[in-house]
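Readers should treat all values here as calculations from the given coordinates under stated rules, not as data from a laboratory. Model, not experiment: these values are computed from the prediction. Counting neighbours? That spans all protein chains shown, and the Cβs are built from the backbone with ideal geometry, glycine included.
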């Protein structure tokens, strides 16, 4: 069975607000968006990239703020640190991709490497982070974390911010200001596209 299908089956068995269910569902959507950027209709690829950028930004921010402290607490300090470092690097690459001309040869090459890196990161989370969470946290704790994660995502930055990525403290301190600026920028950008 392939990974996305397996994740879909795992997700269907969990309460919808379970943190692992939320993250697995987002991982599936991230994979879909990578595919849409590469293979979707030409006139929709850039919009798919912008959706992917926003989803990755809020997803990684929320993981760093909600999931990583719990992973660290239940005995996975090195795991939490490693995943945060991967996210910091991904944030830097995403910021670089944003600066490139969409669809250029350089963009396509960097995007392919980025996709590989993000998929490997997600697979490590699914294999190394999620099982201890489900084993060592109660269902009530997992659902509370899921609701908190979704709340943080609604207020998280929608663009990459390498200076705060990888640091839970920086996300809590500077993230709200970055999010406000991002959402204003998103509104101006979407208004000018119409």
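Could you tell me the calculated FRET efficiency between residue 127 and residue 104, based on Cβ-Cβ distance and R0 = 30 angstrom, to the nearest 0.05?
FRET efficiency, residue 127 to residue 104: 0.30.
I'd like the FRET efficiency for residue 45 and residue 154, computed as 1/(1 + (r/R0)^6) with the beta carbon distance as r and R0 of 30 Å, rounded to 0.05.
Details: r = 26 Å, r/R0 = 0.88.
So, using R0 = 30 Å, E works out to roughly 0.70.
Roughly what would the spin-label model give for residue 136 and residue 85, points 7 Å off Cα along C-beta, in nm?
Between residue 136 and residue 85, the label points sit 1.9 nm apart.
Determine the principal axes of the Cα atoms in segment 6-140, then give the extent along each, sorted from largest to smallest and rounded to whole angstroms.
For segment 6-140, the Cα spread along each principal axis is 47, 30, 19 Å.
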